[in-house]
Structures are given as C-alpha cells and as structure tokens.
1. Between F101 and A72, how high is the FRET efficiency from 1/(1 + (r/R0)^6) when r is the Cβ-Cβ distance and R₀ = 35 Å? Nearest 0.05.
2. Restricted to Cα positions, what overall size does the chain have along the principal axes? Three whole-Å values, descending.
3. Under 5 Å between amide hydrogens, which residues at least 5 positions from N55 or on another chain qualify, with H placed 1.01 Å from N in the peptide plane?
4. I need the phi-derived Karplus couplings for segment 78-94: 6.51 cos²θ - 1.76 cosθ + 1.60, θ = phi - 60°, integer Hz, Gly and Pro marked x.
5. Order the peptides 266-274, 160-168 from the highest to the lowest mean number of other Cβ atoms within 10 Å of their residues.
6. Multiplying the sequence separation of N61 and Q214 by 0.36 nm and subtracting their Cα-Cα distance, what value in nm do you get?
7. Starting from the Cα of N304, step 7 Å along the direction of its Cβ; do the same at I39; then give the gap between the two resulting points in nm.
8. Would you please state the base-10 log of I(q)/I(0) at q = 0.09, 0.18, 0.20 1/Å for segment 12-147, with intensities from the Debye formula using one equal scatterer on every alpha carbon?
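Bear in mind these aren't lab numbers, they're just calculated from the coordinates by the rules spelled out. Given the structure is predicted, the values throughout are model-derived calculations rather than measurements. Cβ coordinates were reconstructed from backbone atoms using ideal geometry, including for glycine residues, and neighbour counts include every protein chain displayed.
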Amino acid sequence: MGITDHAADGKRRRVSKYNRREAIAGYLFISPWILGFLIFTLGAMIYSLVISFSNYNLATNSARPVGFSNYANLFEDPKVGLSLGNTLIYALMAVPLEIIFALFLAMLLNRVGRGAGFFRTLYYLPKMTPSVATAAVFLLLLNGNTGAINQGLAFFGIEGPQWLVDPAWVKPSIVLMTLWGVSGTMVIFLAALKNVPRDLYEVASLDGAGPVRQFFTITVPMISSAIFFNVIVLTIAALQVFDQAYLLFWRDQSNASPESSLFYGVYLFQQAFRQFDFGFAAAMAWLLFMIIMVITFIQMRFGNRFVYYEGDKD
C-alpha cells in the first residue's frame, strides 16, 4: 500500500509540474496581447478617466483638476443631448436592418452549391473596402440631383429625396452606407446556418410545414445564439458610430452640415481634436461607456431568455 501511495504521489507531482509548464508556456504565448492590453487599452482607459476630472492642456501636457465640472457640463451642453439622441435613433434604425440584411445574404449563400466560395468572397469584399473609399462612392450614389440611387428611383417614376441635405433622410443615408459592410455579420450567420441539422427540415416538411414556418420554428430558434451575439455587437458598434457620419457630412468644415448628422462620436472628436478640450471629451467617452454598459446589461438580462442552447431541455 505504501509503495502504491508513493507511486501515486509521484504521478501527481509529475502531472502538476507538467500543468505548470503548460500554463507558463500559454502565458508566454499570450504575453504580447496582455502587454498590449495593459498599456494601450487599460492604461489608456485609466488615463482618460483621470483627465476627465481635469482641464487638460495638450500643448503643455498639463492638467488642472476641476472635479466633476466636466461631467456637470455634459448635462448643460445641448449638443451632447442632441448627438446622443441622433446616435440612439441611428442605432434603432441600423441594428435591425443589419440583422435582417445579413441573415438574408447568409441564407442565400447557404443555398449556393457550386461556386459557393466565389460568392462568399464576392459578398465579403465590401467589408475590406476602406471607409474613405466607401464614403467617396456613397457621396456619388446619394447625390440628390445626379446620384445613381435617385436616377434608379426616377426610372420607376419615384422622386428621390435629397439624401445628404434633407434632415429627415440624413440618418437613412448613413444606414445605407453601414449596410455596405454587413458581410462580417453575414459570415457569423452563415456559420450558424451550417450547423442547423438538416433532418429537422426534413421532418418539418413531412409534417407539412412550409418554408416560412420552417424559418420561424426551426431556423430562427437554432441560430438564436448567433442573432443574440450579433445584436449585442452591432448595438455597441452603432453607439460608437463615427466614420460614416464624419466622412459623409463633417469632413469638409467649409460646408454647413445638418444637425441630424451630429453623432456622439463626431461631437466627441470635435471636442478633443478641434476644440482641444480633452477633459470634456474624456468625460463624454466615459458617459458613452456607461450607456453602452447599461444597454448591454439589459440586452444580456432579457435577451438571453429567448436564446436556444443545445443543452436546454425545453
């Protein structure tokens, strides 16, 4: 018995030593990411939190403490509320449309047999297009007088709007530009659709279920986790929207831009890099961070109830 115990103890020590080596090797492999996160993400966040309580001067790299003055000014500046409202409205418009359009494209690709790789690459190419190039294309497409979109509508006898001038159509124009890069979401949906068991559709067909009923009773529940993930990610991205609005409306400061295009990220950028009020801009960033945290918590708290997991009994 003693020899057996001694052999077991020796085996446990060897296993423990092997596990420590594995852990050390793992940490060494991810150490570049850890250092990058600590320096460029966590460090930057802590520094921005510090200067949000100060009047920061970039020229002299000095900060004068002002307490909660920057946060109090957030509620006094009307453009903060305006830009936040524009951003929330944009998010409510963009996220559902991105989900629907990405799922539509994913279902089309899921049905493609021969040449599927070519079409997947073709659909994903817009995601690789630089934002500046995309904005240049959409400035031509959305031109109210000579744009291709309005010319296409005129072919059907529909008078197109002034996309880039009319305040009512400013946000839809930005949403259209956002849908151009929806292929990243499409890929996630496509992977989820590939994992749906085909026998479920066969059984449903035998029971007389049509395509629409199969979609809502099989497809949607089975990919609900992907939908849930994409809704959260797209909501966070929509609340931080910047490049689409800035490139379409605010890049050229010589022209007056409509207030409906003033998004929170654009106004934050203006405060930081045009007014050089970095303390106020940092306070804006932390307010946005808290808003995103609250919205994400609500989504996690209530949205998770509608997600189907493979281990669920129901």
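1. Working: r = 41 Å, r/R0 = 1.18.
Efficiency for this residue pair is about 0.25.
2. 88, 68, 35
3. Excluding prolines and chain starts, which carry no amide H, the hits are R64, V66.
4. With coefficients 6.51, -1.76 and 1.60, one gets x, 6, 5, x, 4, 5, 5, x, 4, 5, 5, 4, 4, 4, 5, 7, 6 Hz.
5. Values: 266-274: 18.1, 160-168: 15.9.
Listed from highest to lowest mean packing, they are 266-274, 160-168.
6. Numbers: separation 153, 0.36 × 153 = 55.08 nm, distance 6.16 nm.
Value of the extension gain: 48.9 nm.
7. Between N304 and I39, the simple spin-label model gives 3.5 nm.
8. One equal scatterer on each Cα of segment 12-147 leads to -0.71, -1.14, -1.20.
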